[in-house]
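The block underneath contains the structure these notes are about, expressed in structure tokens.
The values are calculated or read from the model by the stated rules, or taken from the named source; none is laboratory data. Everything numeric in this text was worked out from a predicted model, so none of it was measured. All Cβ positions, even for glycine, are placed from backbone atoms using ideal geometry, and neighbour counts span all protein chains on display.
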Amino acid sequence: MVLANQALNRGHAYRDRVGSVDAGQLVSDLYAARYPHSSAMVWRQRLAAGEVCRNGQELRADVALAAGDQLIWHRPPWHEPAVPELPGPLFDDGDLLVFDKPSGLPVLPAGGFLEHTLLAQLQARWPQARPVHRLGRFTSGLLVCARRCASRAWLSALLREGTSPGPSRKTYRALLQLPVPGSPLWPLNPGDSLELATPIGRSPHRRLGSIWAAAPTGDTTALAALSALRLLERAERSWLAELTIATGRPHQIRIHTAAAGAPLLGDPLYGPGGVALDQALPGDGGYHLHAHQLRLPCADGGLLELEAPLPEALRGAADG
């Protein structure tokens, strides 16, 4: 089921502060550098339309900026694509809420989505709840939310860094492209496992400025990341794999499988080597990835274990 999409959203105000290194730049040049999805010419058109304010005053001309200037771009309302409706929770203990997020539903505002998000649907029904972590727009499966700030902070650190006072595990199912010959995945047979530990860092991207991708050797700012892959089935056009993540880095599974020579089948963004392709964006779909099982230690010493049903495309012969 999808949400009706008959009305414009309410628009959004994007706020920026001019730093000392940006002093003297034209407004259009600063915006084009910070938001490379639009050229300087497009930003001049937005200035002429009265969409930009500096220090509370509407700008109509492209002027040089001073350090400390406060800018606001008032983006006019726009149509957002329809998205799936968030189903009821699989688990609710009065604090934690766990959902089986449908593919196609963005978790937080980004990529042209402002109001058609899981966050907006969540807060309409549970005003105090917020997501503890993210799943990609087209990643389905288990997503943890919490009503209490302390719970969100504790669980977020646990899922992000894998630091836990007890056993925790988050397991995904994915369809992979056939591995590149000679890659670490190439010799695997069903039942075999492989550890993936490519660090993840920021990489240049033509449309976004920078993006998360496999970090080059020697990148001291890269984040350590660890995934365990187990091959379930080999087919003529794809491989079915189970992946358990010990850390929760942005796009970790998409990057790790691509870095190992077998990107997710249909992934338009990450290619062999874990490189991000300039023509695609993180929210583009086409791949099959599902957060299938969750084992999570709770602050009270208990253990939460949940499972989200597998989509048809990710069911193997052993699943019946």
Given the conditions (1) out of contact with any helix residue (DSSP H, G or I) (no Cβ under 8 Å at 6 or more places or on another chain); (2) farther than 24 Å from Leu97 by Cβ; (3) outside any helix (DSSP H, G or I), and given that Ala225 satisfies all but one, which numbered condition is not satisfied? (1)
Of Leu175, Leu159, the only residue that is of a type outside the set (Lys, Arg) and at pLDDT 90 or above is Leu175
Scope segment 214-224; condition of a type outside the set (Val, Ile, Thr) and surrounded by fewer than 15 Cβ atoms within 10 Å (Cβ to Cβ); matching residues: Pro216, Gly218, Asp219, Ala224
So, in segment 14-34, how many residues would count as being of a type in the set (Phe, Trp, Tyr), closer than 13 Å to Leu59 by Cβ and not in a helix (DSSP H, G or I)? 0
In the set Ala224, Ala214, the lone residue that is in contact with a His (Cβ under 9 Å, 6 or more places away or on another chain) and within 25 Å of Asp278 (Cα to Cα) is Ala214
Quick check on this structure: which one of Ser203, Ser140, Ser210 is among the polar types (S, T, N, Q), assigned by TED's automatic domain parsing to the domain that holds Ile255, assigned to a strand (DSSP E or B) and at pLDDT 95 or above? Ser140
Leading residue by the ranking (surrounded by the fewest Cβ atoms within 10 Å (Cβ to Cβ)) among those in segment 225-247 that are without any contact (Cβ under 8 Å) to a residue 40 or more places away in the chain and more than 16 Å from Ala260 (Cβ to Cβ): Glu236
Criterion: under 19 Å from the mean Cα position of the chain (by Cα), among the β-branched types (Val, Ile, Thr), surrounded by 12 or more Cβ atoms within 10 Å (Cβ to Cβ) and modelled with pLDDT of 95 or more - qualifying residue of Val98, Val52, Val83: Val98
